Structure formats: structure tokens, C-alpha cells
1. Suppose the filter is crowded, with 18+ Cβ neighbours inside 10 Å, small (G, A, S), touching a residue at least 60 places away in the same chain (Cβ under 8 Å) and within 20 Å of V116 (Cβ to Cβ); does A50 pass it?
2. Would you please name the residue that is farthest from G47 (Cα to Cα), looking only at residues in the stretch 114-133 that are without any contact (Cβ under 8 Å) to a residue 40 or more places away in the chain and of a type in the set (V, I, T)?
3. Within the stretch 22-52, which residues are closer than 14 Å to P85 by Cα, under 19 Å from the mean Cα position of the chain (by Cα) and not aromatic (F, W, Y)?
4. Residues in the stretch 62-71: is at least one in contact with a Pro (Cβ under 7 Å, 6 or more places away or on another chain), surrounded by 15 or more Cβ atoms within 10 Å (Cβ to Cβ) and of a type outside the set (F, W, Y)?
5. Quick one: count up the residues across the stretch 1-39 that are touching a strand residue (DSSP E or B) at 6+ places or on another chain (Cβ under 7 Å) and either farther than 22 Å from T117 by Cα or modelled with pLDDT under 95 (or both).
6. Quick one: count up the residues across the stretch 1-17 that are in contact with a Gly (Cβ under 9 Å, 6 or more places away or on another chain) and either over 15 Å from V84 (Cα atoms) or without any contact (Cβ under 8 Å) to a residue 12 or more places away in the chain (or both).
7. Go through the stretch 54-81 and report how many residues are over 24 Å from Y35 (Cβ atoms) and part of a helix (DSSP H, G or I).
Amino acid sequence: MLSVGSVVAAAEYPIDRDKLVKYAGASGDFNPIHYRDDSAQKVGLSGVLAHGMLTMGLAVAPVVEWLGDPARVVEYEARFSKPVPVDADHGTTVSVVARVGQIDVAARTARIDLTVTVADETVLAKARVRVNLT
């Protein structure tokens with residue numbers, strides 16, 4: 001039985017430079033700030049950043065795994081609150097905790113609130129997934 005405040009999923013996802021290049025190829029987003037330090041620094045960044053959509057995709061993944069069917073995701077929203085730097089040597093890790101924020105018994109849906117962090121800093125704000133419970 002679900003209850004508000006219950007953690008339904010949690011996961012950690014390592015990201016390294018190889019993953020960024022593979023994501024660039026899969027998404028078609030070849031902006032060099034996602035894989036070249038010199039390009040990132042030319043635009044005032046300290047280094048390479050993960051793609052925002054990669055971060056959002058990783059954030060919803062544990063919810064999809066918990067549901068067992070991606071079609072049960074009704075709505076997904078998030079605001080980017082901090083960039084995700086990816087160190088050339090050590091990469092980074094995106095941590096996700098998915099917690100029930102609201103249950104609509106009549107509609108048979110729940111709002112799952114995501115806490116998405118990198119190095120203990122929130123990188124997605126107001127990250128919420130509305131899911132079908134049936």
C-alpha cells in the first residue's frame with residue numbers, strides 16, 4: 001500500500017565522459033560543452049557538463065523500473081537548478097530518490113517527487129512524475 005512520504009525507488013547513476021559522447025550520438029546533441037573542456041571553458045564554464053535531458057532521463061529511470069511499464073508515466077516535469085559537471089578523471093554520480101508526494105485515489109494516480117542530486121547538491125528542482133497506479 002502506498003502512502004505519502006514513502007520512498008518507492010532510489011538509484012545512483014555514474015556518468016563519465018564516454019557516456020556523454022554516447023548520449024550525444026544517441027540524442028543528436030553534439031554541443032561540444034558536453035565533451036570538450038576547451039569548448040566549455042570558452043563559454044565561461046569550468047568544464048564539461050552533462051546534457052540536461054540525460055539528467056532528466058536518469059532521474060525518471062528508477063520510477064519507470066518501479067512501475068514496470070513506462071506507459072504508466074502520465075506526466076513528468078522538472079526544472080534545471082544546477083548544471084552537472086563531469087570530471088575528466090572521476091566522472092560524477094547522479095543520485096535519485098523517488099518519494100510519494102500525493103495520491104489521488106479517485107483518479108488512481110500518484111505524484112512521485114524526485115530528489116535528484118550530484119555531490120549532495122540538488123540539480124533538478126520540482127522534479128515530479130505523475131503515474132497511473134493501475
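1. No, not satisfied.
2. Among them, the one singled out is T115.
3. Result: I33, H34, V48, L49, A50, H51, G52.
4. Yes, because at least one residue in the stretch 62-71 is in contact with a Pro (Cβ under 7 Å, 6 or more places away or on another chain), surrounded by 15 or more Cβ atoms within 10 Å (Cβ to Cβ) and of a type outside the set (F, W, Y).
5. 2
6. The number of residues fulfilling the criteria is 2.
7. Of the residues in that region, 9 qualify.
A quick yes/no check of all residues on (1) under 19 Å from P62 (Cβ atoms); (2) of a type in the set (V, I, T); (3) modelled with pLDDT of 95 or more:
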residue	(1), (2), (3)
P85	no, no, yes
A88	no, no, yes
V96	yes, yes, yes
G101	yes, no, yes
A107	no, no, yes
V123	yes, yes, yes
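The values are calculated or read from the model by the stated rules, or taken from the named source; none is laboratory data. Everything numeric in this text was worked out from a predicted model, so none of it was measured. Counting neighbours? That spans all protein chains shown, and the Cβs are built from the backbone with ideal geometry, glycine included.
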